[in-house]
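Colleague: Structure below; questions to follow.
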Amino acid sequence: MPNYDRNSSDKDTEFEMTQSKARKANEIFSWFGGSEQRIQLFADLYGGISQKEMKRKYNDSFLSNQRENLNSFGFYRKDGDTHRLTPLGEKVYEPFIELCRQAQIVEELRPILHAIPSDSDNTPPIEDLYQAVRRGEVRVVAENMVNEFAVLTSYREAVGESQTLREVVIGILRPHGFHDQVTEGELQAEYIYPSKVLEEITNNADRLELAQEHAEMSVDHHIIDEQFPFNLSILDQSVIIWARRPTENKYRVMLETDASEIREWATDLFERKKAAAEPVDWSQ
């Protein structure tokens, strides 16, 4: 009967057993995670692959080595002319592929989430973003040395296709970019600024004149006593989140999505910030 007395000796023994199992698991995962070709072979065996197709896709030396490894793990079998995984191999393949999918999603979200404080009350819902990426409803754009204006370009293109823009602003990214849309009545915009941005506008004669002109048309401005951690834009068809990369503040990273859950979160967040904000009177 197992001894459930959790003294230090038992804990040490349990830890050693866990480490031993971890080493074996690492040996297995290191094998088929060691190259894209091994992963592809594992996928082919999972679905079943004919001898002819196997010979066409892989050279003899590679197959000989990999079959030897797979046999040692108990993962390989041949069913007539078809090469397959054993039931044990299938049990390993399924969670591995799911882990690969999750890693791809994490890698896609990592730049934008790394740029946003995780302890902020305004942080986007991670699970909803994760599921949106999984469904293919998210696009991430990151700037770098090669393309320093990728986010700005993508942002302007998205706004240029929209008739409405509701935005919580962390820095000056407009208004000159959409002046024609506003003056021609093609864009209705509503901005919420932190006091820092309002000061930047009022202390610049050109920006102030433009803001005053827009306020007479279809643009509403609000001021909030809070420094927002990222830029949030709600458009007709999508929601955009962008922020500066913490390790490379010169560059920005942007996420655009049409996921309904993210739109619901963004709309609720915007309304809460607007309720706490004060309208800006540009005539004063």
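Colleague: State whether one or more residues within segment 117-140 are surrounded by 12 or more Cβ atoms within 10 Å (Cβ to Cβ), of a type in the set (Val, Ile, Thr) and in the same structural domain as Glu36 (by TED's automatic domain parsing).
Modeller: Within segment 117-140, not a single residue is surrounded by 12 or more Cβ atoms within 10 Å (Cβ to Cβ), of a type in the set (Val, Ile, Thr) and in the same structural domain as Glu36 (by TED's automatic domain parsing).
Colleague: Restricting attention to segment 230-276, which residues are surrounded by 20 or more Cβ atoms within 10 Å (Cβ to Cβ) and more than 20 Å from Ser162 (Cβ to Cβ)?
Modeller: Once the filter is applied, which keeps residues that are surrounded by 20 or more Cβ atoms within 10 Å (Cβ to Cβ) and more than 20 Å from Ser162 (Cβ to Cβ), segment 230-276 yields Ala243, Val253.
Colleague: Oh, and also: I'm trying to understand the selection: among the residues of segment 118-149, which are more than 15 Å from the chain's Cα centre (by Cα) and among the small types (Gly, Ala, Ser)?
Modeller: The one that is more than 15 Å from the chain's Cα centre (by Cα) and among the small types (Gly, Ala, Ser): Ser120.
Colleague: Kindly list, by first and then second residue, each pair from a residue in segment 34-60 that is under 16 Å from Glu94 (Cα atoms) to a residue that is of a type in the set (Val, Ile, Thr) and surrounded by 13 or more Cβ atoms within 10 Å (Cβ to Cβ), limited to pairs with Cβ atoms under 9 Å and residues at least 6 apart or on different chains.
Modeller: Ile39/Ile97; Leu41/Ile49; Phe42/Val92; Phe42/Ile97; Ala43/Ile97; Tyr46/Ile97; Gly48/Thr82
Colleague: Could you tell me which of the residues Leu109, Leu152, Leu70 is hydrophobic (A, V, I, L, M, F, W, C), surrounded by 13 or more Cβ atoms within 10 Å (Cβ to Cβ), more than 13 Å from the chain's Cα centre (by Cα) and not assigned by TED's automatic domain parsing to the domain that holds Glu226?
Modeller: Among Leu109, Leu152, Leu70, only Leu70 is hydrophobic (A, V, I, L, M, F, W, C), surrounded by 13 or more Cβ atoms within 10 Å (Cβ to Cβ), more than 13 Å from the chain's Cα centre (by Cα) and not assigned by TED's automatic domain parsing to the domain that holds Glu226.
Colleague: Please determine, by comparing only the residues of segment 174-187 that are surrounded by fewer than 18 Cβ atoms within 10 Å (Cβ to Cβ) and closer than 26 Å to Pro229 by Cβ, which one is modelled with the highest pLDDT.
Modeller: Residue satisfying both the conditions and the ranking: Gly177.
Colleague: I'd like the full set of residues that are charged (D, E, K, R) and modelled with pLDDT under 90, limited to segment 135-156.
Modeller: Matches in segment 135-156: Glu143, Glu148, Arg156.
Colleague: Among the helices (runs of 4 or more DSSP H) confined wholly to segment 1-62, which include 3 or more residues that are farther than 23 Å from Glu98 by Cα and modelled with pLDDT under 90?
Modeller: Details: elements: 8-32, 36-47, 51-57.
Per the criteria, 8-32.
Colleague: From Phe75, Phe62, grab the single residue that is touching a Gly at 6+ places or on another chain (Cβ under 9 Å), over 30 Å from Phe230 (Cα atoms) and not assigned by TED's automatic domain parsing to the domain that holds Arg245.
Modeller: Numbers: Phe62 fails: touching a Gly at 6+ places or on another chain (Cβ under 9 Å).
From the options Phe75, Phe62, the qualifying one is Phe75.
Colleague: Next question. Suppose we filter segment 207-228 for residues that are in a loop (DSSP other than H, G, I, E, B) and closer than 20 Å to Lys274 by Cβ; how many remain?
Modeller: Residues that pass the stated criteria total 6.
Colleague: Residues that are touching a Ser or Thr at 6+ places or on another chain (Cβ under 6 Å): which strands (runs of 3 or more DSSP E) entirely in segment 71-167 hold 2 or more of them?
Modeller: Hits in segment 71-167: 138-142.
The values are calculated or read from the model by the stated rules, or taken from the named source; none is laboratory data. Keep in mind that what you see is a predicted model, and the values were worked out from it rather than measured. Positions of Cβ are generated from backbone atoms using ideal geometry, with glycine treated the same way; all protein chains shown enter the neighbour counts.
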